[in-house]
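The values are calculated or read from the model by the stated rules, or taken from the named source; none is laboratory data. Since the structure is predicted, the reported quantities are computational estimates derived from the model, not experimental observations. Note: ideal-geometry Cβ built from the backbone for every residue, glycine included; neighbour counts use all protein chains shown. Side chains included, ligands, DNA and RNA excluded: accessible areas come from the protein's heavy atoms. Shrake-Rupley method; radii C 1.70, N 1.55, O 1.52, S 1.80 Å.
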Amino acid sequence: QVQLVESGGGLVQPGGSLRLSCAASGSIFSLNRMGWYRQAPGKQRELVALITSGGTTTYAGSVKDRFTISRDNAKNTVYLQMNSLKTEDTAVYYCHAMSGIVNYWGQGTQVTVSS
């Protein structure tokens with residue numbers, strides 16, 4: 001079993017920055033991919049960014065060049081640095097991890113971009 005705990009959400013003005021953190025505990029040695037998804041009201045959950053155990057990253061087109069995903073294996077933590085935030089980035093952000101074919105999710109953290 002893997003437990004994921006997110007932190008770092010909040011309210012920010014357009015153009016601002018936030019950094020989300022996701023700390024993993026449990027059977028973390030088996031994690032082969034970690035990432036972030038988000039879900040805005042009335043919309044489906046969508047991929048934001050992911051990073052493999054080898055460090056390969058993938059980004060949604062809407063956040064590329066603004067968001068950066070990184071991973072600290074020593075701390076079992078994945079980060080999402082979000083810059084130049086837009087109102088359309090407002091959503092609940094969920095940490096995600098995979099171990100083989102098993103998916104794990106965090107509880108979600110709210111990010112609101114508003115003036």
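Under a 1.4 angstrom probe, counting protein chains only, how are VAL92, VAL111 ranked by accessible area, largest first? List each step's numbers first, then the result.
Working: VAL92 40, VAL111 0 Å².
Of VAL92, VAL111, the descending order of accessible area is VAL92, VAL111.
At a threshold of 8 angstrom on Cα-Cα distance, excluding pairs fewer than six apart, so keeping six or more, what relative contact order does the chain reach in percent? Don't skip to the answer; put the middle values down first.
Numbers: 280 pairs, mean separation 42.4, N = 115.
After rounding, I find 37 percent.
Within the set of other residues whose C-beta is less than 14 Å from the C-beta of ASP65, count the net charge using Lys and Arg as +1 and Asp and Glu as -1.
Values: positive: LYS64, ARG66, LYS86; negative: ASP89.
Here the charged neighbours net out to +2.
Rounded to the nearest whole Å², what accessible area per residue is found for the chain with the 1.4 Å probe?
Working: 5980 Å² over 115 residues.
Normalised by residue count, the accessible surface of the chain is 52 Å².
Can you pull the percent of the range 1-106's accessible area that's carbon plus sulfur, 1.4 Å probe, other chains left in place?
Values: 2710 of 5510 Å².
The value for the range 1-106 is 49 percent carbon and sulfur by accessible area.
What FRET efficiency do you get for GLN81 and ILE101 if R0 is 25 Å and r is their Cβ-Cβ distance, rounded to the nearest 0.05? List each step's numbers first, then the result.
Numbers: r = 29 Å, r/R0 = 1.16.
Efficiency computed from Cβ-Cβ geometry: 0.30.
Return the Cα extents of the chain along principal axes one, two and three, sorted largest first, each rounded to a whole Å.
Computed over the chain, the largest-to-smallest principal extents equal 41, 26, 22 Å.
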